[in-house]
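**Student:** Okay, here's the structure, questions in a sec.
The values are calculated or read from the model by the stated rules, or taken from the named source; none is laboratory data. Because the structure is predicted, anything quoted here is derived from the model rather than measured. Neighbour counts run over all protein chains shown; Cβ positions are idealised from the backbone, glycine included. Side chains are part of the model used for accessible areas, which takes the heavy atoms of the whole protein and leaves out ligands, DNA and RNA. Shrake-Rupley method; radii C 1.70, N 1.55, O 1.52, S 1.80 Å.
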Amino acid sequence: MWRFQKRTKPESSLKENSIVPSFVQHGVSTEFKLAMSVGERGREATLENALSLCGQFGFTRRNAQSTVNEMLSMLKTWRNHFAESGVSEKEISLLEPSFGQGKL
């Protein structure tokens with residue numbers, strides 16, 4: 001699950017906005033609403049909803065599904081990318097539920 005949060009760099013007192021994966025906490029809901037409506041189900045954060053009105057974003061259904069498939073394919077290697085970027089195994093394990101627990 002991706003959440004929008006403020007992050008502060010240790011070397012700077014300036015705050016910047018980042019979209020970062022957040023740790024899933026047991027007992028805390030993992031269902032979230034989007035900031036804007038993107039489909040027939042409004043702000044529901046699902047691929048089905050995003051694809052439902054793809055034409056309003058300039059995509060045919062086929063192009064939209066192809067784009068989604070390409071993104072899902074890239075996400076399958078998130079563990080390798082994070083490890084190569086210096087993220088510890090412990091942190092990768094904590095972030096795993098945010099990536100669909102291997103459902104990608």
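**Student:** Can you give me the number of residues within the range 33-43 that are at pLDDT 90 or above and open to solvent by less than 100 Å² (accessible area, probe 1.4 Å)?
**Tutor:** Selection size over the range 33-43: 2.
**Student:** To continue, here is another question. Looking at the range 51-76 only, could you name the residues that are more than 14 Å from the chain's Cα centre (by Cα), outside any helix (DSSP H, G or I), surrounded by 11 or more Cβ atoms within 10 Å (Cβ to Cβ) and not aliphatic (A, V, I, L, M)? Break it down into steps so the answer makes sense when it comes.
**Tutor:** Just the residues of the range 51-76 that are more than 14 Å from the chain's Cα centre (by Cα), to begin with: 51-67, 69-70.
Going one step further and asking which of them are outside any helix (DSSP H, G or I), we end up with 53, 58-60.
Restricting the remaining residues to those that are surrounded by 11 or more Cβ atoms within 10 Å (Cβ to Cβ) gives 53, 59.
Selection gives Phe59 alone.
**Student:** Pro97 fails exactly one of the following numbered conditions: (1) open to solvent by 100 Å² or more (accessible area, probe 1.4 Å); (2) at pLDDT below 90. What is the number of that condition?
**Tutor:** (1)
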